[in-house]
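Colleague: Take a look at this one; I'll ask things after.
The values are calculated or read from the model by the stated rules, or taken from the named source; none is laboratory data. Model, not experiment: these values are computed from the prediction. FYI the Cβ positions are ideal-geometry reconstructions off the backbone, even for glycines, and counts take in every protein chain you see.
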Amino acid sequence: MQELLENPVIQSSAAPFLAGLVVAATLFPVRLAGLAPAAGFLAAVWLIGAFGFTPMTATRKIVVLSLAAPVLGVLADLAFKPTRATPPVLGVLFGAASIWVIWSVLVQRPVQEAALLAAGVFAFVLAVVALTVSLHDQAVRAGSAGLFLGLGTGAGAVIGASALLGQYGLALGAACGSFLLLAMILGKRVFAGATFTLAASVAAALIAAGAMVLARLPWTSLVAIALIPLAVRLPLPEKSPAWIQAIVASLYALAPAAGACALAWQSARTV
Amino acid sequence: MRKTLLAGMLLAACPLAAHAQAETYKVDPIHSFPHFGVDHFGVSTIWGRFDKMNGTFTIDRAGKKAAVELTIETASVTTGDNDKGSRPRSRDEHLRQADFFNTAEFPRMTYKSTNVKFNGDAPSEIEGQLTLLGVTKPVNIKLDRWVCREHPMNKRAMCGGDGSGSFKRTDFGMKFGVPAIGDEVRLKINFEGYKE
């Protein structure tokens, strides 16, 4: 059993998928199925044995913010109810938090280079978070976006030379997949909310930014990843069952995610 | 008055006399390298080294005291696999990323002695603190060889030797690949330094 739990494939796919599915299936009646990505991500971090907060490295800050995001999402859903202003406000908030994540790297770079890097990461996180959170009332589109934000980021990070961040991304994708599976079966009874969209987008955006700053994921891959929450807005067969809509939305999301991986692969072969 | 002045001068001279015993050596970076070995799948030991190490060591033979301070550039890690060929990355590239040495965030690791044991008038073991990935833990280095002599070519006074030790990388938060890639890191350092 121990050997099984130490298997990186189990840690970043089966375990987070199961954890996400259990949480989503248990909590969807109280509109908290959106905690699935947080549960899956938490399971992966736990199994990989990466819990620890000293020293507070960039990777640990990613874990902290990825676990804080769903808490804020629950508050937004239950206490405040997301409005039109919620996505950009949360985008700016986590964009600013991303600067804290990469601060230890920024302070070691020349001022101009650091400013450019900080601005780029801020804009990327803002875009991914705001665009994904604005899907809060569309569970199928949000689930598809979360699935491929996780898988695209994870596969890209592996190619970009960070297996740990890759495992985190893939685990996030697997957990979002469990949410999407439930949404495919139960349709509109499954609610995404800011809980799901914030948990999925914050973790994915920070993992991708981390893979660029700490490893070799090219910035062009980040641009492709930012297109994922836009791609799922393309027209869906609205009168078809939820599972068909989910497949179509996932195909839309697959294109930029695959593009991000292809760009990472191309960069790895040429740089 | 004269006696007081003499006593004062003698007192003032004592620390200088003691200080004069201590010799400081600057590490010669082209003849000093820390090597590390890690178990690979229980089959063999992969050895690597850091190409850039700087620092100083001080020795007071009469007082049997010594101190060492070393700084290692983590991005200078090499294991002989620099060419990625058709792969997305080489092993050395991977070692520089967040899974291992995380050189973007931690470009340097340091070693500072806290105590040096002597065998006769030669240092035999260094007790010190290694700071790696922002974590500081005690690591001891046994000196397998210690030689001081005049450099045969440039005639400068030099000391050097070989040291060895070990530590667990997970103690420093480097958990990737354990246990397939060993936790225990074997350390071998060859060093030479010129007297300042």
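Colleague: In the range A:243-260, what residues are among the hydrophobic types (A, V, I, L, M, F, W, C) and crowded, with 22+ Cβ neighbours inside 10 Å?
Modeller: A:A246, A:A249, A:A253, A:A257, A:A260, listed by residue number.
Colleague: Suppose we filter A:T59, A:T54, A:T26, A:T83 for residues that are buried (at least 18 other Cβ atoms within 10 Å of the Cβ) and over 13 Å from A:F191 (Cβ atoms); which single one remains?
Modeller: Just a single option satisfies the conditions, and that option is A:T59.
Colleague: A further question follows. Name the single residue that is surrounded by the fewest Cβ atoms within 10 Å (Cβ to Cβ) among those in the range A:148-170 being farther than 25 Å from A:F51 by Cβ and within 15 Å of the chain's Cα centre (by Cα).
Modeller: The extreme case among them is A:G152.
Colleague: What pairs come out if I take residues in the range A:148-168 that are in contact (Cβ under 8 Å) with a residue 60 or more places away in the chain and pair them with residues that are of a type in the set (K, R) whose C-beta lies under 7 Å away, six or more apart or interchain?
Modeller: Here the result reads A:G160/A:R216; A:A161/A:R216; A:A161/B:R89, each pair linking the range A:148-168 to a residue that is of a type in the set (K, R).
Colleague: Would you be able to tell me the number of residues in the range A:214-225 that are buried (at least 22 other Cβ atoms within 10 Å of the Cβ) and away from chain B (no Cβ under 14 Å)?
Modeller: Adding up the residues that qualify gives 3.
Colleague: Any residue at all in the range B:153-162 that's farther than 18 Å from B:I30 by Cβ, at pLDDT 95 or above and more than 12 Å from chain A (Cβ to nearest Cβ)?
Modeller: no
Colleague: Name the residues in the range B:113-145 that are exposed (fewer than 14 other Cβ atoms within 10 Å of the Cβ), touching a Phe, Trp or Tyr at 6+ places or on another chain (Cβ under 7 Å) and more than 17 Å from B:L70 (Cβ to Cβ), would you?
Modeller: B:S124
Colleague: Mind listing whichever residues of the range B:61-74 are surrounded by fewer than 18 Cβ atoms within 10 Å (Cβ to Cβ), without any contact (Cβ under 8 Å) to a residue 60 or more places away in the chain and touching a helix residue (DSSP H, G or I) at 6+ places or on another chain (Cβ under 8 Å)?
Modeller: B:A62, B:G63
Colleague: Only one of A:A96, A:A36 is in contact (Cβ under 8 Å) with a residue 60 or more places away in the chain, in a helix (DSSP H, G or I) and of a type in the set (G, A, S); which?
Modeller: A:A36
Colleague: Under the condition of being among the charged types (D, E, K, R) and outside any loop (DSSP other than H, G, I, E, B), which residue from the range B:172-195 is nearest to the other protein chains (Cβ to nearest Cβ)?
Modeller: Residue satisfying both the conditions and the ranking: B:D183.
Colleague: Does any residue of the range A:111-122 turn out to be in contact (Cβ under 8 Å) with a residue 40 or more places away in the chain and surrounded by 24 or more Cβ atoms within 10 Å (Cβ to Cβ)?
Modeller: Yes: the range A:111-122 contains one or more residues that are in contact (Cβ under 8 Å) with a residue 40 or more places away in the chain and surrounded by 24 or more Cβ atoms within 10 Å (Cβ to Cβ).
Colleague: Just to be sure I understand, how many residues within the range B:23-37 are within 13 Å of the chain's Cα centre (by Cα) and either within 11 Å of B:L187 (Cα to Cα) or not hydroxyl-bearing (S, T, Y) (or both)?
Modeller: 9
Colleague: Which members of the range A:43-61 meet the condition of being facing another protein chain (nearest Cβ under 10 Å) and assigned to a helix (DSSP H, G or I)?
Modeller: A:I48, A:A58, A:T59, A:R60
Colleague: Also: What's the total number of residues in the range B:82-107 that are touching a helix residue (DSSP H, G or I) at 6+ places or on another chain (Cβ under 9 Å), of a type in the set (K, R) and either in a loop (DSSP other than H, G, I, E, B) or more than 10 Å from chain A (Cβ to nearest Cβ) (or both)?
Modeller: Result for the range B:82-107: 3.
Colleague: Since A:A96 meets every condition but one in (1) surrounded by fewer than 15 Cβ atoms within 10 Å (Cβ to Cβ); (2) more than 19 Å from the chain's Cα centre (by Cα); (3) more than 14 Å from chain B (Cβ to nearest Cβ), which condition does it not meet?
Modeller: (2)
Colleague: Okay, next question. Anything in the range A:59-95 that is touching a Phe, Trp or Tyr at 6+ places or on another chain (Cβ under 8 Å) and within 17 Å of A:A211 (Cα to Cα)? List them, or say none.
Modeller: Answer for the range A:59-95, where residues must be touching a Phe, Trp or Tyr at 6+ places or on another chain (Cβ under 8 Å) and within 17 Å of A:A211 (Cα to Cα): A:R60, A:K61, A:I62, A:V63, A:V64, A:L65, A:S66, A:G95.
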